[in-house]
Amino acid sequence: MKKVERYIYPAVFSYDPDQEISVVFPDLDVATSGETDEDALLSARELLGCVLFGLEEDGENIPAPTPLSQVKTEENEKAVLVDVYMPSIRMAQVNKSVNRTVTLPAWLNAAALERNINFSQVLQDALKQQIQ
């Protein structure tokens, strides 16, 4: 069975004074929060990916998302769609190494070898920083 590439679920963002923005996924009965809209959205996307990955791995039924127009909200709430790209979530769960060929100037290679620098670790650290 082909796995779904992208899921899109409605989330309810609740705004209360002097509190973090709470985010609830009514279809999945899970919640998170964030200090700003951007932070709350990133937390929601991360949570959505983790929950759906867990359901996939456990062979559980994944509920159909409620249409956005049918999501009930209160005065201090907004319903938004949150999407998650599952191939990147699935790959993040796999911690196997892959080989990559890297081209370096000869002088840089020699200097790094002289200092016993771990090329793989430096590349991983740089890529993580670049990706954030």
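The values are calculated or read from the model by the stated rules, or taken from the named source; none is laboratory data. Bear in mind that the values here come from a model prediction, so they are computed numbers and not experimental data. Neighbour counts are summed over all protein chains in view; Cβ atoms, including those assigned to glycine, are modelled from backbone coordinates with ideal geometry. Side chains are part of the model used for accessible areas, which takes the heavy atoms of the whole protein and leaves out ligands, DNA and RNA. Shrake-Rupley method; radii C 1.70, N 1.55, O 1.52, S 1.80 Å.
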So which of 30, 80 is more than 21 Å from residue 132 (Cβ to Cβ), open to solvent by 30 Å² or more (accessible area, probe 1.4 Å) and touching a helix residue (DSSP H, G or I) at 6+ places or on another chain (Cβ under 6 Å)? 30
Only one of 102, 71, 84, 80 is touching a Lys or Arg at 6+ places or on another chain (Cβ under 6 Å) and β-branched (Val, Ile, Thr), namely 84
Selected residue [at pLDDT 95 or above and of a type outside the set (S, T, N, Q)] from 89, 117, 131, 21: 21
From (1) in contact with a Pro (Cβ under 8 Å, 6 or more places away or on another chain); (2) under 29 Å from residue 132 (Cβ atoms), pick out the condition that doesn't hold for residue 44. (1)
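Every residue, every condition in (1) part of a loop (DSSP other than H, G, I, E, B); (2) loosely packed, with under 12 Cβ neighbours inside 10 Å; (3) in contact with a helix residue (DSSP H, G or I) (Cβ under 6 Å, 6 or more places away or on another chain), yes or no:
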residue	(1), (2), (3)
62	yes, no, yes
66	yes, no, no
91	no, yes, no
98	yes, yes, no
110	no, yes, no
122	no, yes, no
Among 5, 38, 20, which is the only one that is among the acidic types (Asp, Glu), touching an Asp or Glu at 6+ places or on another chain (Cβ under 6 Å) and open to solvent by 30 Å² or more (accessible area, probe 1.4 Å)? 20
From the list 53, 25, which one is in contact with a Phe, Trp or Tyr (Cβ under 8 Å, 6 or more places away or on another chain) and of a type in the set (Phe, Trp, Tyr)? 25
Just give me the residues in the range 15-59 being in a loop (DSSP other than H, G, I, E, B), without any contact (Cβ under 8 Å) to a residue 24 or more places away in the chain and over 20 Å from residue 88 (Cα atoms), in sequence order. 17, 18, 19, 20, 29, 35, 36
